[in-house]
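Novice: Got a structure for you, written out below as structure tokens; questions coming shortly.
The values are calculated or read from the model by the stated rules, or taken from the named source; none is laboratory data. What you see is a predicted model; the values in this text were computed from it and never measured. Cβ sites come from the backbone with ideal geometry, for glycine too, and all protein chains shown count toward neighbours.
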Amino acid sequence: MLAKVATATVLGIDGFPVEVEVDLSRGLPSFDLVGLGDTAVKEAKERVRAAIKNSGFEFPAHRIVINLAPAALKKEGGGFDLPIALGILCAQGLLDQQVLNRGMASGELALDGTIRTVRGVLSMALAAAKQGKEYMLIPSGNYAEACVVKGIKIIPVQDLKEAVTFLQTGREPENPPPVEEIAAAVYSEDYADVRGQEAAKRALEIAAAGGHNILLVGPPGSGKTMLARRLPSILPELNWEEALELTKIYSIAGLLPAGTSLLKDRPFRSPHHTTTRVGLIGGGTYPRPGEVTLAHHGVLFLDEFPEFHREVLVVLRQPLEDGMVTLSRAALTVVYPSRFMLIAAMNPCLCGYYRDPVQPCRCTPLEIKRYTSRISGPLLDRIDLMVEVPRLKYEEMATAGQGESSTVIRQRVVCARRIQEERYQGRGIYCNAHMRPKESKYYCALDPAGKRLMARAVQSFRLSARGYERLLRVARTIADLEGKAKIAPSHLAEALQYRGLESDFYRQWR
Ligand SMILES: Nc1ncnc2c1ncn2[C@@H]1O[C@H](COP(=O)(O)OP(=O)(O)O)[C@@H](O)[C@H]1O
Ligand SMILES: [Mg+2]
């Protein structure tokens, strides 16, 4: 007897259909599994055997061959247990093949027949819906995330018996687990707490409005970490597509909080500077997303930027430029999205007081050069805004008056983002930072005065072609914050300010 059960595996962040074929034939009892599975898939044999017996069904004393097709697709994880078990029961005549054909199943079996959660259920359910399946059997612990998928009935099952009951009678399990709408986060940290530093706040507003990368440079204790940590409080909510993509990633990483459906807030990831290459960009024998992917559509904060390992900073370039990371392993290449905005903070030198008007710097020129050169030219070239966060003056420290609150700043950011979303509708990008040359040619046209300014800037700032494009995008965001359709020379001039630090501070050391 032959039976087939549809399931799926995850590659990158997308689900791909896999067919589990089960063949029972006469002969000495044996149990073989073919089709390029990892150890977890091979161990499925033992789990399935025990789970079937302990759920009160009979395990066939036949020659059993299981094939996971297509054989060329790399498969991993415990999600194949449930479809394999169902296939064996179907091949014994306990289930109707016609009913199985209309659905898909995924879930890991415990020895007693209980179904454990698996990673990536959201991506698999999306693949099932795309294939036109009517239903999908999933672990009840994964119910909330899968519920998001439209056009397919999601059947949460707690154990093998429940799955069999549904397939035999069509009766759905009672009391599906509760699904919590995630409330948007309430931020306790507000820009109103930060005294002075108006230039840095303005730059952060621009960065948030356009999704640009930003570097804060200043002496210890000036408020760099404080400013960076408050960035999420002025970012707009995720739109639906962004939320779906992010939830897929967290589901695959196994980081989705239990019982929650779509993620609402932009991620803010701040890995420590001792983080490894794999921790940052992802990888491992069976690739898992790293920090750059977990920060997708959100913020990656690298505090004490020059302290990160050199190789870590080097691998940061690809995700910064392309918005994705490619991880190559012997048997497979995986691509994860990684469109984050980078916020980096650093001291200007080893002792921390270079350019400080009060505390003298104790570094030699060579030490300063060595310190700043840890941030390589290609990396610096990918940063759109650089601002100095100087020591607070006493008058600023002592003022009782509050600055602008995050809520007010956020309103302006949201308005600017709305303009951008409308502008790029249907183009697969949402903000100015992701503009490609074909769009910038169209949306960042300069008037004659702007062109003259740009010509001078390219020369005096020694802008690269990339630097030129990035400058235009920042100018576009500044214009959007003002609600202007055209980039005026004043917008361009402000954008240029944020490259000033680079030219008069960094360049001299290179
Ligand atoms: N501009 C500021 N306004 C209010 N408090 C500040 C400011 N700058 C620094 N502080 C205080 O100093 C502490 C250290 O600031 P921090 O952001 O960690 O400095 P940095 O990262 O630049 O070394 C903060 O927790 C805060 O209490
Ligand atoms: Mg700090």
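Novice: So if I check each of Arg391, Arg410, which one is within 24 Å of the chain's Cα centre (by Cα), modelled with pLDDT of 90 or more and not hydrophobic (A, V, I, L, M, F, W, C)?
Specialist: Arg410
Novice: Okay, moving on. Consider Pro348 carefully, then state whether it is crowded, with 19+ Cβ neighbours inside 10 Å, within 16 Å of ligand 2 (Cβ to nearest atom) and either closer than 30 Å to Gly210 by Cα or modelled with pLDDT under 90 (or both).
Specialist: So Pro348 fits the description; yes.
Novice: Looking only at segment 276-292, filter to residues that are among the charged types (D, E, K, R) and part of a helix (DSSP H, G or I); which one of those is farthest from the chain's Cα centre (by Cα)?
Specialist: So the residue we want is Arg277.
Novice: Counting only residues that are surrounded by fewer than 19 Cβ atoms within 10 Å (Cβ to Cβ) and within 16 Å of ligand 1 (Cβ to nearest atom), which one in segment 279-312 is farthest from Ile383 (Cα to Cα)?
Specialist: By that ranking, first place goes to Glu307.
Novice: Among (1) in contact with a strand residue (DSSP E or B) (Cβ under 9 Å, 6 or more places away or on another chain); (2) in the same structural domain as Val217 (by TED's automatic domain parsing), where does Ala445 come up short?
Specialist: The number of the failed condition is (2).
Novice: Can you pull out the residues in segment 350-398 that are part of a helix (DSSP H, G or I) and either in contact with a Phe, Trp or Tyr (Cβ under 6 Å, 6 or more places away or on another chain) or away from ligand 1 (no atom under 16 Å from the Cβ) (or both)?
Specialist: Scanning segment 350-398 gives Pro365, Leu366, Glu367, Ile368, Lys369, Arg370, Thr372, Gly377, Pro378, Leu379, Leu380.
Novice: How many residues are closer than 12 Å to Phe31 by Cβ and under 36 Å from the mean Cα position of the chain (by Cα) if we restrict to segment 48-72?
Specialist: 2
Novice: Look at segment 226-260 and say how many of its residues are under 25 Å from Gly282 (Cα atoms) and more than 16 Å from the chain's Cα centre (by Cα).
Specialist: 5
Novice: Looking only at segment 192-216, count every residue that is buried (at least 19 other Cβ atoms within 10 Å of the Cβ) and more than 10 Å from ligand 1 (Cβ to nearest atom) and tell me the total.
Specialist: Number of matching residues: 13.
Novice: Taking the residues in segment 220-231 that are crowded, with 19+ Cβ neighbours inside 10 Å and modelled with pLDDT under 95 as candidates, determine which candidate is nearest to ligand 1 (Cβ to nearest atom).
Specialist: Gly223
Novice: Sort out which residues of segment 272-303 are of a type in the set (D, E, K, R) and modelled with pLDDT under 95, and write them in order of number.
Specialist: Listed by number, the residues that qualify are Arg277, Arg288.
Novice: Take the residues in segment 198-230 that are more than 10 Å from ligand 2 (Cβ to nearest atom) and in a strand (DSSP E or B); name whichever of them is farthest from Ser270 (Cα to Cα).
Specialist: Among those that are more than 10 Å from ligand 2 (Cβ to nearest atom) and in a strand (DSSP E or B), it is Val217.
Novice: Return yes or no: is Arg370 under 30 Å from Ala72 (Cα atoms) and of a type in the set (D, E, K, R)?
Specialist: Spelling it out, it is not the case that Arg370 is under 30 Å from Ala72 (Cα atoms) and of a type in the set (D, E, K, R).
Novice: Ok, one more. Out of segment 6-57, which residues are part of a loop (DSSP other than H, G, I, E, B), of a type in the set (Gly, Ala, Ser) and closer than 30 Å to Tyr250 by Cβ?
Specialist: Scanning segment 6-57 gives Gly12, Gly35.
Novice: Can you name every one of the helices (runs of 4 or more DSSP H) wholly within segment 79-190 that holds 3 or more residues which are surrounded by fewer than 21 Cβ atoms within 10 Å (Cβ to Cβ) and among the polar types (S, T, N, Q)?
Specialist: Result: 97-101, 160-169.
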